[in-house]
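One structure below.
Just so it is clear, none of the values below were taken in a lab; they were calculated from the coordinates. Note that the structure is a prediction, hence the values are computed from the model and not measured. Neighbour counts are summed over all protein chains in view; Cβ atoms, including those assigned to glycine, are modelled from backbone coordinates with ideal geometry.
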Amino acid sequence: MGGVSALIVGARGAQQIDLTTGQQEFFDYSHTPQELAPSYKHNHIFVATPSGIDLLYLNLGGRTPYTIPLDGPAGAMSMNGSGTRIYTAIRGKNVIDVVDTEQYAVVQRIAIDTEATAIAVSPREEALYVGTANGVLAIDLGNEAIRARTAFLGSVVDIAISPNADELYVALAGLQHAVAVLDTTTLRTANIIPLQADPTKLLAATY
């Protein structure tokens, strides 16, 4: 959150930690969080749950006055860089709900050929990268057309994009324990980094 605090959300509550002072604050929260996305304009967090996307307000003691309804239980979730759209996979369905963060409503639905397991938005917000049990799709957000796809032996469990947007990192589990490095334009594999066990999450950061 803005690089000055961290928020940890679990089934028993949410804890905010000031990374400068170390001060901590705990909020009651009883839902089942799947993914998190910060609000860039308001003091709340978007929390993906089986019931929709909760608005978790930090300045109201962790209250959730509203849940954005979706087309089913929320799965993987990613917010664009400008903070105006949240892309949410729907568990058990071949669709991605697009939520407007000002209207708090689904304003678009992107149909895909299989259920999404991971989502990432390009820094320039022109492409959506979608991981599935079969591989990765690159979707043009201007016309929703699939502009590239690639397949893997392992299932995609997470996706991250390099800060300069030229590489896509794909965490693979199951038949293949690895992180694949792809070209973001063509989705061609540039490198495969083998792992000893299944990965669960990826983070691409600059230092």
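The table that follows gives values for the structure above.
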read-out	value
Separation between Cα centres of region 108-161 and region 45-94, rounded to whole Å	19
FRET E, pair Ala6, Ser30, Förster distance 22 Å, beta-carbon r, rounded to 0.05	0.60
Nearest-0.05 FRET efficiency for Gln23 and Ala105, computed from C-beta distance (R0 41 Å)	0.70
Charge dipole magnitude, Cβ of K and R +1, D and E -1 - region 1-111, Cα centre, debye nearest 20	200
Stretchable slack from Ile193 to Gln15, in nm (0.36 nm times residue separation minus alpha-carbon distance)	60.7 nm
Calculated log₁₀ intensity ratio I(q)/I(0) where the Debye formula runs over C-alpha points of region 89-177, q = 0.13, 0.17, 0.21 Å⁻¹	-0.42, -0.71, -1.06
Distance histogram in 10 Å bins (all Cα pairs of the chain, percent per bin)	8, 34, 36, 19, 3
The chain: relative contact order in percent, alpha carbon pairs under 8 Å with at least 6 residues between	9
Listed residues Thr185, Thr132, Thr101, most fluctuating in the chain (Gaussian network, C-alpha, under 10 Å)	Thr185
Point-charge dipole on Cβ atoms (K/R +1, D/E -1) for the chain, about Cα centre, debye to 20	140
Cβ-defined net charge surrounding Thr132, 12 Å radius [Lys, Arg +1; Asp, Glu -1]	-1
Listed residue (Ala197, Tyr104, Tyr29) projecting farthest to the positive dipole end of the chain, Cβ model	Ala197
